[in-house]
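The values are calculated or read from the model by the stated rules, or taken from the named source; none is laboratory data. Just so it is clear, the model here is predicted, and its values are computed rather than measured. In this analysis, Cβ positions are derived from the backbone assuming ideal geometry, glycine residues included, and neighbour counts consider all displayed protein chains. Calculation scope for accessible area: heavy atoms of the full protein, side chains included, ligands and nucleic acids excluded. Shrake-Rupley method; radii C 1.70, N 1.55, O 1.52, S 1.80 Å.
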Amino acid sequence: QVQLVESGGGLVQPGGSLRLSCAASGIIFSNYPMTWYRQAPGKQRELVAGITSGGSTNYADSVKGRFTISRDNAKNIVYLQMNSLKPEDTAVYYCNVFLARHYWGQGTQVTVSS
């Protein structure tokens, strides 16, 4: 079965950096686009970044120039490098893949606070 496991979240000061990882299993990873979403308290889940099987990327306007999504098809991992973090980036971050339906990981908490 499809499994997505996120890691790398934590508490960081404004201006700091974190790198999130999402390890995928149960799929031919290299065939599928992968995405990162986030959900802040009291808000809807929103798309943060996506990467196609060919490596093309897209980003939410709010993170452009600060976040970078990448993938390692040999390791079945998708990354989200987050730089210049702001308090408004505080959220639970989820990895996602769509195969007939959406599959989600358990999420990893990112808290940006001084």
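Values for this structure:
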{"item": "Total residues in region 35-56, condition part of a strand (DSSP E or B) and either among the basic types (Lys, Arg) or loosely packed, with under 15 Cβ neighbours inside 10 Å (or both)", "result": "4"}
{"item": "Tally of residues being among the acidic types (Asp, Glu) and buried (at least 21 other Cβ atoms within 10 Å of the Cβ) across region 59-90", "result": "1"}
{"item": "Residue in region 91-106 that is open to solvent by 60 Å² or more (accessible area, probe 1.4 Å), in a loop (DSSP other than H, G, I, E, B) and farther than 16 Å from residue 11 by Cα present", "result": "yes"}
